[in-house]
Every structure is written in C-alpha cells, then in structure tokens.
Amino acid sequence: MRHGDKVKKLSRIKSHREAMLSNMVISLLTHRMIKTTTSKAKALRPVADRLITFGKKGNLAAKREAYRILRDHNLVKKLFEEIAPQFASRNGGYTRVLRLGTRLGDGASLSLVELLTAKPVVEKEKKGKKAKVKEEEAKKPKEEKTEKTEVSGIIAPEKLAKKE
C-alpha cells in the first residue's frame, strides 16, 4: 500500500528535514542559486515557491508565515520587497532545477537550484593598492623604451648608423 508517502523523507526525521529545507531556502534566497543533490532540490522547490507566494501576498499573516521558515527579519524584508515583486506576473514555477551530473565521491546526482529572476546589477569599484598603482601607471605618459646599444660586445646597427 502507498499510504503516508506524500512527503519525501530524505532519510531524515521531520525536525531535521524541516531545518535542512529551511536552511537551504535561506541560502537560495540569499545567493539566488545553490548546488545540492537532486532529491533535496526536488524537495526544496515547493518550499521556495510557497515562500515566494507569501511574498507576493504581502500581508502581515504572510510575513509571519515566511518568518516561521526563514527566521531572519532582514531576509523576510528582502523577500517581500525585492524578490517577490520580480515574480508579480508569474503564477508559480519560481525556481528551476538543472541537473549537473554525479558527485565524484559517492555518485550522488547533483542539481543546481536557481531563482528565475534577473541577475542583479552590482557595480564594484575596488580602490585597493593594486588598483591605485594601475590607475597611476595609466595616467602617466608612457616613456619610450631606449634600445640597448650593446649586447654581448656587439654594437647595434642603430648605433653604427648614428656614428657615420
């Protein structure tokens, strides 16, 4: 009989499974994509989709339900203000699971889970020592390299032309 097999148990007890999926969805919302095993990815998808649906609702009860899973006020705020509005026109299917192959150590099938949002544009300006040195070198006029006149006792042809 097939009773009581609606939930993918992932060889874990309920509390461990819920904590693992909670941590995975936190990583997914923070980093936009994560790499995990295929069975965990398939179990993660409905949790992530339900959270984004809460974000689209935007009411207080939805925020409390999201906080129950995410346990971080800043991440709940990010979900409701940044991530969920990007899915306003989409009805479900907010994540994608891409198969990556098998893991070398144990042969487990790996997958990449990603949110179907546009990549955020981040402008980075690093002003470290190396960057400053490169900028200064770029600003200086390049000096012409003088050719070596003597190489192992032989006079270069340019030097001979100048002497004559």
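One residue stands out among those in region 9-20 that are hydrophobic (A, V, I, L, M, F, W, C) and assigned to a helix (DSSP H, G or I): the one that is surrounded by the most Cβ atoms within 10 Å (Cβ to Cβ), which is M20. The residues of region 37-78 that are crowded, with 17+ Cβ neighbours inside 10 Å and small (G, A, S), listed by number, are A41, A43, A48, G55, A62, A66. When you check A43 against the structure, is it of a type outside the set (S, T, N, Q), within 30 Å of A108 (Cα to Cα) and touching a Lys or Arg at 6+ places or on another chain (Cβ under 6 Å), yes or no? Yes.
Can you spot a residue in region 60-77 that is on the phi > 0 side of the Ramachandran plot and at pLDDT 95 or above? Yes, because at least one residue in region 60-77 is on the phi > 0 side of the Ramachandran plot and at pLDDT 95 or above. Taking the conditions (1) surrounded by 13 or more Cβ atoms within 10 Å (Cβ to Cβ); (2) farther than 22 Å from R17 by Cα; (3) at pLDDT 95 or above in turn, T117 satisfies each one other than (3). In region 52-70, the residues that are in contact (Cβ under 8 Å) with a residue 24 or more places away in the chain and over 15 Å from E82 (Cβ atoms) form Cβ pairs under 9 Å with partners that are surrounded by fewer than 19 Cβ atoms within 10 Å (Cβ to Cβ) and of a type in the set (A, V, I, L, M, F, W, C), at six or more places apart or across chains, as follows: I69/I26; I69/V47.
Once region 1-55 is narrowed to residues that are polar (S, T, N, Q) and closer than 20 Å to K78 by Cα, the residue that is farthest from the chain's Cα centre (by Cα) is T53. Of the set (1) surrounded by fewer than 10 Cβ atoms within 10 Å (Cβ to Cβ); (2) farther than 19 Å from F54 by Cα; (3) modelled with pLDDT of 75 or more; (4) over 19 Å from the mean Cα position of the chain (by Cα), all apply to K163 but (3).
The values are calculated or read from the model by the stated rules, or taken from the named source; none is laboratory data. Quick caveat, the model's predicted, so the values are computed rather than measured. In this analysis, Cβ positions are derived from the backbone assuming ideal geometry, glycine residues included, and neighbour counts consider all displayed protein chains.
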